[in-house]
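Please treat every number below as a calculation from the coordinates, not as lab data. Computed from a predicted structure; not experimentally measured. Neighbour counts are summed over all protein chains in view; Cβ atoms, including those assigned to glycine, are modelled from backbone coordinates with ideal geometry.
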Amino acid sequence: MSSESASPSSMQATRQRLMSIASHLRTGSGRMKVVVTRDLGPDAMPLLRERKELDLVVWSENRACERAWLLEQIPGAAGVLLMLADKVNEELLDKGFLKVVSTMSVGYEHVDLPLLAKRGVRLGYTPDVLTDAVADVTVMLALMASRNAKETAGVIDRGEWPNSTWSPFIFCGPQLSRTPPIQTRTAGFLGFGRIAQATLRRLVPFGFTHCVYVANPSTVPNPVQDAAYTKQFNLQSVRRVDIDTLASASDVVFVLAPGGDKTRHLVNEAFLRKMKKTAVLVNTARGTLVDSDALAKALKEGWIWAAGLDVVEGEPNVTVDHPLVKEPRCVMLPHIGSATFDTRLSMAACAARNTLAGVFGETMQAELELKGTA
């Protein structure tokens with residue numbers, strides 16, 4: 001294509017990318033520039049700082065990196081280590097020729113995957129290290145929601161306990177564990193990956209007897225695998241089902257599928273209306289999977305018993321006026337699923353190692369396969 005036929009925007013992008021290369025070459029140091037959008041602390045940062053081949057540029061403030069700063073630093077960079085809030089799109093990638101994007105997160109919906117694949121940029125993420133921490137919080141939310149933790153803790157917080165009259169069924173909720181006369185307990189999973197299976201493993205001692213799950217539609221049902229799961233978890237059955245059966249059969253529905261446009265509002269009004277009135281919904285995946293307005297309506301009108309949420313659509317812009325915050329049987333946490341010292345340190349170290357591997361052309365600890373996304 002001649003310069004006469006190229007669009008002004010494409011010509012500008014080309015000029016910026018060429019300037020990026022020139023900026024890198026002008027340093028004369030022979031070192032490769034790496035941009036880091038948050039200081040990873042004394043345990044993980046030395047992994048990067050000890051590499052003398054790197055010219056490290058770090059956002060030093062303990063708050064989200066400013067977009068303008070990130071865009072200013074990207075030219076000349078071989079790699080960038082960033083957080084879930086830092087979008088990787090054409091605006092960012094046009095600023096330079098990155099070899100690697102490393103995100104300190106298991107999710108990657110903030111990254112334009114087809115664009116990375118098209119430009120040959122590798123993507124590192126941190127999937128496995130947070131499995132147990134998120135599974136712990138998932139079970140905790142199921143317990144808190146089913147046993148009315150928010151509503152009853154409020155009685156203490158407001159000083160109302162001395163004036164509360166005891167009655168046989170005050171503060172009661174459905175029991176998570178199986179005891180007579182309850183003969184069965186069914187856990188339902190929207191998504192059945194690592195975290196879902198770690199959660200199920202924790203539920204078995206409570207007496208859960210059955211598991212139903214909805215998997216990625218692109219995968220083929222595998223009854224042999226389901227039989228293996230049944231034996232592995234020592235349950236009466238593990239079955240892959242359709243989404244309507246998941247809603248109607250589950251005592252607790254655990255939302256643990258990936259985010260993105262394809263899974264947006266899978267839990268909607270139609271789904272919630274099919275759930276048992278004593279059922280609990282738990283979401284520790286992504287807020288976009290659950291229609292917040294529909295869930296607030298379901299709780300208010302008693303279609304389901306309660307909900308436990310570590311994520312919510314539109315977070316962190318969730319105020320006291322949010323319809324779910326107002327619901328007494330909706331326990332909400334500010335996205336703390338991976339918030340243990342052990343897990344965050346492991347995530348930071350993994351993200352640092354992924355960055356190094358991407359810059360130096362080595363095997364990453366955890367790399368997302370981008371083939372077929374372009």
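Quick check: net charge around T186, other residues with Cβ under 12 Å of its Cβ, Lys/Arg +1 and Asp/Glu -1?
Summing Lys/Arg as +1 and Asp/Glu as -1 gives +3.
How much of the pair distance distribution for the range 269-374 lies past 19 Å, counting alpha-carbon pairs only, in percent?
58
How much net charge surrounds G361 when only other residues with a Cβ under 13 Å from its Cβ are counted (Lys, Arg +1; Asp, Glu -1)?
Combined, the nearby Lys, Arg, Asp and Glu give -1.
In Å and on Cα atoms, what radius of gyration and Dmax does the range 262-316 show?
Rg and Dmax of the range 262-316, Cα atoms, are 10.3, 30 Å.
How large is log10 of I(q)/I(0) for the range 299-359 at q = 0.15, 0.22, 0.26 Å⁻¹ when the intensity is taken from the Debye formula with one equal scatterer per alpha-carbon?
-0.63, -0.90, -1.05
Whole number please: convex hull volume per residue of the Cα set in the range 50-100, in Å³?
93
Between L47 and D226, what is the label-to-label distance in nm when each label sits 7 Å out along the Cα-to-Cβ direction?
Going from the L47 label point to the D226 one covers 4.0 nm.
Net charge near A198, counting Lys/Arg +1 and Asp/Glu -1 over other residues with Cβ under 11 Å of its Cβ?
Taking every other residue near A198 into account, the sum is 0.
So what is the orientation-averaged projected area of the range 198-304, using the convex hull of its C-alpha atoms, in nm²?
6.8
Take the Cα pairs of the range 131-332, get the Kirkwood Rh, then feed it into Stokes-Einstein at 4 °C and 1.567 mPa s and tell me D in µm²/s.
For the chosen part, D equals 75 µm²/s.
List the GluC sites (Glu not before Pro) within the range 100-195 that DSSP assigns to loop and that have no more than 12 neighbouring Cβ atoms inside 10 Å.
E160
For R119 and L84 in the same chain, what is the full-extension length gain: residue separation times 0.36 nm, less their Cα-Cα distance, in nm?
Computed gain between R119 and L84 is 10.5 nm.
Can you pull the three principal axis extents for the Cα set of the range 76-148, in Å, largest first?
Principal-axis extents of the Cα atoms in the range 76-148, largest first: 53, 20, 18 Å.
Whole Å is fine, so just give me how far the alpha carbon centre of the range 137-208 lies from that of the range 286-304.
Each part reduced to its Cα centre gives a spacing of 18 Å.
How long are the three semi-axes of the equivalent ellipsoid of the chain, in whole Å, if each is the root of 5 times an eigenvalue of the C-alpha gyration tensor, listed from largest down?
Result for the chain: semi-axes of 44, 23, 20 Å.
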